[in-house]
Structures are given as structure tokens and as C-alpha cells.
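One structure below.
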There are 4 protein chains.
Amino acid sequence: MEKKVLFTGFDPFGGESVNPSWEAVKQLNGFTEGSVIMVSEQVPTVFDKSLTVLRQAIKKHQPDIVICVGQAGGRMQITPERTAINLNEARIPDNEGNQPIDEPISPDGPAAYWTGLPIKRIVEEIKKEGIPAAVSYTAGTFVCNHLFYGLMDELSRLPLHIRGGFIHIPYIPEQTLEKAAPSLSLNLMVKALKIAAVTAAAHEDDIHTGGGELH
Amino acid sequence: MEKKVLFTGFDPFGGESVNPSWEAVKQLNGFTEGSVIMVSEQVPTVFDKSLTVLRQAIKKHQPDIVICVGQAGGRMQITPERTAINLNEARIPDNEGNQPIDEPISPDGPAAYWTGLPIKRIVEEIKKEGIPAAVSYTAGTFVCNHLFYGLMDELSRLPLHIRGGFIHIPYIPEQTLEKAAPSLSLNLMVKALKIAAVTAAAHEDDIHTGGGELH
Amino acid sequence: MEKKVLFTGFDPFGGESVNPSWEAVKQLNGFTEGSVIMVSEQVPTVFDKSLTVLRQAIKKHQPDIVICVGQAGGRMQITPERTAINLNEARIPDNEGNQPIDEPISPDGPAAYWTGLPIKRIVEEIKKEGIPAAVSYTAGTFVCNHLFYGLMDELSRLPLHIRGGFIHIPYIPEQTLEKAAPSLSLNLMVKALKIAAVTAAAHEDDIHTGGGELH
Amino acid sequence: MEKKVLFTGFDPFGGESVNPSWEAVKQLNGFTEGSVIMVSEQVPTVFDKSLTVLRQAIKKHQPDIVICVGQAGGRMQITPERTAINLNEARIPDNEGNQPIDEPISPDGPAAYWTGLPIKRIVEEIKKEGIPAAVSYTAGTFVCNHLFYGLMDELSRLPLHIRGGFIHIPYIPEQTLEKAAPSLSLNLMVKALKIAAVTAAAHEDDIHTGGGELH
């Protein structure tokens, strides 16, 4: 049975000229692997507006699975996120100048949502291909966490069974020419996201391997 | 009006011979600053048992405020925590060999709790004394997060108005002789925790200064 | 006029199953770009023996330029080295169990040698291709620095005008699956080393762009 | 027999309002421990001028030992330096706007000097007091390395037997309030430098314990 996976990627923010999340997911638009069909949409790095675009994309594509992707500059691995918290707290302005502080994403929503993706399976499958990956337990408090929380909130309200989650990815090498920061090649990111889509399509449940952060 | 602040600190774990959280809070046991009385109790670095000891300490001391403190080896600053998540995921065994994976702390509890302390005020006051401090948005998934979540869960059930939260502190210098890791002197930690107690006693509400993490 | 560039790479050490320096340079063995011919030899991660193998390789290939390459696990960029110091000080044993402490590489040699390669040009050309690179001012005190110093010492004694130097490269992604460390894809390393060879063949002198380390 | 130790510390640079090296060594001016007398002088964070001031201070105080101290923002430990290289390469301008690139400190000098202090002993004695310390094998290419090289060059020319070297120290906590960087308390730095002076006065030779950097 066919499964459709919707990817989203952000436009560049924070002075960058590219955003690896969009560079990666746009390559997967229209891509098919086995019975898994992938489509991609760009969302703006803007509070609320990103969620509006996401909701429209879900309506348009009617996906089985939604995987939102975002840049985590400074990380070294592909990091599927475990938790979205109900908090907007912007260290820098978003792409339209919004800088919310200490605000809930959804005033009536729960304090947090868990991912709906089998993230430990995804990490394991990505690593099998030689690409560094690890579960992350915090998606920050900027637009990435906002979109992740908003996605899970939306999916919890929809009458359909759509699963979803968020994956953070490092800078690509081109972004690190003038700063000392780790990076990962775009082709590895594309490969990792493809694996994530196929793994999520094949498995609803996750495995119970080790993990965790001491603090 | 007098206010009583209960501090807790952990026993050593992870191969360490001291835990700076206990080294610091034990110095505050019996200490009074203005109308703020401080008491301290040690809790074991053990899932569940730490919560049992915490509940007994709350019963015994009848505090107005509870501040649990834990070691965050590798951090450079005093970091009051914003969020406790409902997840036990232990990268290493606790001090009695428990290593839960993917388990809720409270099966019926909310996905997360927010701190009940004015953490931005606390950070600001600590920094005024020249001590590095910052809000943290993740307390990890080990016993520290467990105790923090359990504390907030307990306080939410008690008929009394007790406020509480969690503060992570770095290694002390003595712990870093054979590893390359940042540290902070014990006397600065004691001073910072004293400031935290006094600030929490004086203010229920927090300030709305900037903050946040991009990811 | 043809120029021959001899590359060397090390065998794996420190518990690794591959060494990216050999993985990269072996791909360049026999490769020609314009008038630049590249050959590659493996050297053992062993004090003294690495130098013996290097001297034989120089004799065998009669190169115009020698570029020794080594793994710098933890670095994020391609880092041509500026300085080799006359010191063996091994934090871990080499591949034959030698662990010299506080010993000169050459008892009568100078305290340090400078690279003979136009390393700022090389960095600039590598970055033009979107690959992160930076000059490094310390090659450590293990077998990499040993080989670099020994190379420059040898070249200073030979009656021929052979130029040479050392380039450190990061882990490849496959090496970082079970450790949190930055990496760079092998194909980018191969590309960067090719650029280094061509740039070194074309220019004896370096450019005077900024650089340096505060400490 | 009395031994006189001359300490130097720098004035603030790089936008800092204090320099921990001067804050620490000024506390040791006039201090006596056993037969060791300590004096301190400030040097400017300026190429050449720092050396002029150093030479005058040596002339004035006629010390047995000279220990120059500098700030290494970002380091976590007290780090006596092993090597000074004959290179000025300034990533930022010094306090008078000089920004040399690729220039020798002494055109006729050796490529590098080794420390004249028993730095492994010093590290060991500092650690015995619970203060993190480690040998460093690179002092950078800014004014700190410049002063260190210039000191060793001067001592090599003087007809007297004066020993000397350089110690880098981290930020103090007050400097890290608005940046995420490790720090060490000033009183620990003062204590560590006192230990360095006493150890250097008591021992000309060093011990042969492990050390080194892989790269």
C-alpha cells in the first residue's frame, strides 16, 4: 500500500544564505522509494506563519506521515527530536521580526508533545548507512520547536491518523567556511531523510534501545 | 514573614567521588538570610527512591519553596531549569543499577511541567554578583529530570501552595583534574544558590527578559 | 612541465578501523590533473618507522612535492599545518607500543620547522570549492608532528629542491557513529587534497592573508 | 637562599574590561613564600612594546625566574606553555592597532624556544591543590606567544642564568556573564601562580610524566 510522506524545510534565517533543511528536502520532492512517495514544501522561518503554511500543505497533500526538518547549526549529527515544548522564546528575531518571549504556542495545549515517529529506529537505520545520527531531547524554543509543537497539535486534532515528527540537521560544509562549526554533506542529509521516510512508513512502533541525556 | 526554603542535593554518581549539588546545599542547611530560612536534605541518585526521599523531606520541613539541585558535568554556568519532561531514559545506570528506557515518570501525568521558580530573575540576580548563569530549557532524561518532574507533580497534588524548581550546577574544579571539562568554584555555587533562595522567596512572578535556544 | 606530488597517509590507530588520511590519499594514487601527477604511499603510525618508510618513498618516487596527511579526530576543517616542533610526546602508544615522552625527534635539529607549502593559498582554494579549511599552528606531539618534522628535516638535508608539508583532516562520518565528534565526507577530503597538490605545484610563495590564533 | 620571581600580566584586550593575568599577578606583588620573593609588572598587549617593558622589568628586578602570564579565553585549565614559535600572526589588532601577519618575532632567532620552567612539576603541584592544570603545546601566534618567545630570546642572550616561561590562564567568572565560556576563580589562579613560582624556584629540572597532544 502506498504511503505518502510530506517533508517540510525552512527558508534561510540568522544571516545564512541557505537553509540545509530546504536544500535537502527539496531534492526529495516527487521521489519514490518502493511504495513510499515523498513530497516537499518550504515553510517560512516565521512564528505562526510557518504553521499556517504547514496546515495548508497537509490539506493539499493528504500525507500519511509528516516530517518537518530544520537546521541546528553547531550539531554534528542527524537528530530526530523526541519532544516539543509549548513555549516560544526567541533568542533572535524570526524572518519577519517577531521575537516572542515566554509565550505558549497553544494557550490551551499540553505542556509538551512527543514525536509520532519511530525515532530510535530511524537513528539506527541512518547509522547503518554510515551517517552519524542520535536522538535529541530538546528542539530548542525557536521556530523549529514551534513548528514541531504546532504539527503535533494539529495532528492530534485531525480526524485522520497522520503521524509526524521533527528532524534537526547540521550545517552543510558551505555554511562553515567562515565559522568554526561542524557540518555534514548535503547528499548524506538527503540519504538520511530518505531513510527516515521509509523507516517511518514501515513502522509505527519504535524499538527500545538505549539513549538519554544526563542533563 | 518567614519563608522556609528546602534544598536538595544528590549523592555522587557516574564514577565521581563528590556531587557538587550536595557539597553546595549542605553548606546552606540552617542558614538564614533576612526572613529566609534554608534547610537541606540529600537525595540518592536513584530513580523513584529519590522521589520518596523528597516527599518525606517536604513533609518533614513543610517548606514554602523547594529547590532541587543537581550536577550537570560539562556545563559552564549555574542553570535554573525551565522544563521537566515525563520521561525516564537513562544513558547510564543509577546508583542502584536501574536503567529505565522510554518510560514515563508518571503514567497519568502531563508530558511536561514548567518550573515554579522565577528563573529569569534568579539568573539576573546571580549574574549581578559576577557568577555566570543562564536559563536551561532541558534537564536531560536522567535522575535530575526525574526528580524535577516528580517534584512538580507532587507540588501540583499537595493542597498547599508550595513553589519549586530545579537548578543544575557545573563540576567543581576538583572534579576536573583528570578530564578536560569546565568547572565553577564551590563558594560561587553556594552564593548563587543562596541568591536563588532569596529571590524565589521575594518574588512569585518572573521577569520577561530575553532568552531561548535556537535548537 | 610535469610536477610529481607524493602523498602519504597513515594506517589506523587509537582503536579506529580506518584512517581517513590513507582512505583519502590512496584514491589519488596515479591521479593526474593538468601537469600534476600524484602518487600515494601508506606509512605506519609508528615513531621512526614512519620516517623510514617516508624516506624510502621519497627515494622511490623522486617527487617535486611531498604532502603528508594525518587524521585529527575532533577537528572540523581541512587544516594545513604551519609548524612542526622537535618533540615526541605520546599521549597514547603508537601502533608498535612506543610511547616516547619529552624526547627530541632530532637531537641536533632545530626546535621547529615551518611548512614548505603555500598553506594560505591552499586554504583559500579549498574554501572556494565550499570545503571548510583553516591554517593550524600546532600539529600536536604524536606521530603526525613526528612525520611532519622528520619530513622537513629530511628535505632540508637533501641536495634537491623538494618542497613539503603536512595536512590534518577530520574524521569521516563512518568513524563518528558511536562518538559525538565532527566529521567531513571522504569525497570532500579527496577533493581538498587534490586542490592542495595542484596549488602547491603552481605556487612556491604564499599569500599574506589574515590568520593566527589568540592562544 | 632567596629567589626572586618576576611575574608579568597583560592589560585587557579584545573588548574585555579586565585581564585575569594582571588581576592575578598584581596580587602577588611583594608576596613572599619561604625564600621566594615575588614581584609583578604589567605589560601592554602590544607587539614589541610588551617586550620593551619586559626587558626593563628584568633589568629593574634582577629576578632569578620570570613567569609571564596571559589570558587564554576559552581554556578551562591553568596551562603552562611548552613552546614559543617565531611567528607573529594577529587574528585581531593589538591594543595599539598593530596586526602583523606572517612575520618573525626575531628574524635571526630560532624557529622556536622551549620553556625554561619545570612545567610538568608545576602542573602536578597545582593539581595537588585541586586546581585543574595541563601542559599546553601551543601558545598561539598573538602577543602572548610573542612575549613568551621574546622572553626566552632575551634570557638566551643575557649573561646571567635566569630561567623563564609562560602560563596561560582562563577567563575569570565575571568575564563570562554574557558569553558561554569556561572560567576559573581568581583566587584559584593566584594560588596556582604562587605554586608555579615556588615550584620553579625549587626545581630546575622537570619530571618525565605523560602528556602530549594527538594533533
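The values are calculated or read from the model by the stated rules, or taken from the named source; none is laboratory data. All of these numbers come straight from a predicted model, not from anything done at the bench. Every residue, glycine as well, gets a Cβ built from its backbone with ideal geometry; the counts of neighbours run over all protein chains shown. Remember, those area values only see protein heavy atoms, side chains included, never the ligands or the DNA or RNA. Shrake-Rupley method; radii C 1.70, N 1.55, O 1.52, S 1.80 Å.
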TODO: Please find, within the range B:181-194, the residue that is farthest from residue D:127 (Cα to Cα) out of those that are in contact (Cβ under 8 Å) with a residue 24 or more places away in the chain and either at the interface with chain D (Cβ under 9 Å from one of its Cβ atoms) or open to solvent by 30 Å² or more (accessible area, probe 1.4 Å) (or both).
DONE: B:194
Task: Count - residues of the range D:201-215 that are free of Cβ contacts under 8 Å to residues at least 40 places away in the same chain and either open to solvent by less than 50 Å² (accessible area, probe 1.4 Å) or within 14 Å of chain C (Cβ to nearest Cβ) (or both) - done: 3
Task: Of all residues making up the range A:141-167, the number that are over 11 Å from the mean Cα position of the chain (by Cα) and among the small types (Gly, Ala, Ser) - done: 2
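Is it the case that residue D:123 is over 18 Å from residue C:141 (Cβ atoms), of a type in the set (Val, Ile, Thr) and open to solvent by less than 20 Å² (accessible area, probe 1.4 Å)?
no
Quick check on my filter: what residues within the range D:135-145 are touching a helix residue (DSSP H, G or I) at 6+ places or on another chain (Cβ under 7 Å) and buried (at least 24 other Cβ atoms within 10 Å of the Cβ)?
D:139, D:143
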Task: Answer residue from the range B:40-54, given it is β-branched (Val, Ile, Thr) and over 17 Å from residue A:215 (Cβ atoms) and is surrounded by the fewest Cβ atoms within 10 Å (Cβ to Cβ) among those - done: B:52
Task: Looking only at the range B:18-54, and only at residues there that are in contact (Cβ under 8 Å) with a residue 40 or more places away in the chain and of a type in the set (Ser, Thr, Tyr), the one that is farthest from residue B:201 (Cα to Cα) - done: B:45
Open item on the list: Go through (1) open to solvent by 40 Å² or more (accessible area, probe 1.4 Å); (2) in a helix (DSSP H, G or I); (3) farther than 21 Å from residue D:181 by Cα for residue D:22 and report which single condition fails.
Closed with: (3)
Task: Flag if residue A:119 is facing another protein chain (nearest Cβ under 8 Å) and among the β-branched types (Val, Ile, Thr) - done: no
Task: The lone exception for residue A:178 - which of (1) more than 10 Å from chain C (Cβ to nearest Cβ); (2) over 18 Å from residue A:77 (Cα atoms); (3) exposed (fewer than 14 other Cβ atoms within 10 Å of the Cβ) it fails - done: (1)
- [ ] Test each condition in (1) on the phi > 0 side of the Ramachandran plot; (2) away from chain D (no Cβ under 14 Å) for residue B:198 and report the one that comes out false.
- [x] (1)
Task: Residues (more than 7 Å from every other protein chain (Cβ to nearest Cβ) and either of a type outside the set (A, V, I, L, M) or over 13 Å from the mean Cα position of the chain (by Cα) (or both)) located in the range B:123-140 - done: B:123, B:124, B:125, B:126, B:128, B:129, B:133, B:134, B:136
TODO: Check residue C:46 against each of (1) among the β-branched types (Val, Ile, Thr); (2) farther than 26 Å from residue D:114 by Cα; (3) more than 14 Å from chain D (Cβ to nearest Cβ) and name the one condition it does not meet.
DONE: (2)
Open item on the list: Being surrounded by 24 or more Cβ atoms within 10 Å (Cβ to Cβ) and out of contact with any Gly (no Cβ under 7 Å at 6 or more places or on another chain) is the filter here; which residues of the range B:148-165 pass it?
Closed with: B:148, B:149, B:150
TODO: Collect the residues in the range D:166-175 that are of a type outside the set (S, T, N, Q), open to solvent by less than 40 Å² (accessible area, probe 1.4 Å) and over 16 Å from residue D:54 (Cβ atoms), keeping them in residue-number order.
DONE: D:168, D:169, D:170, D:171, D:172, D:173
Open item on the list: Condition first: over 28 Å from residue D:185 (Cα atoms) and surrounded by fewer than 17 Cβ atoms within 10 Å (Cβ to Cβ). Can you find one or more residues in the range B:62-82 that meet it?
Closed with: yes
- [ ] Tell me, yes or no, whether the range A:27-39 has at least one residue that is among the acidic types (Asp, Glu) and open to solvent by 40 Å² or more (accessible area, probe 1.4 Å).
- [x] yes
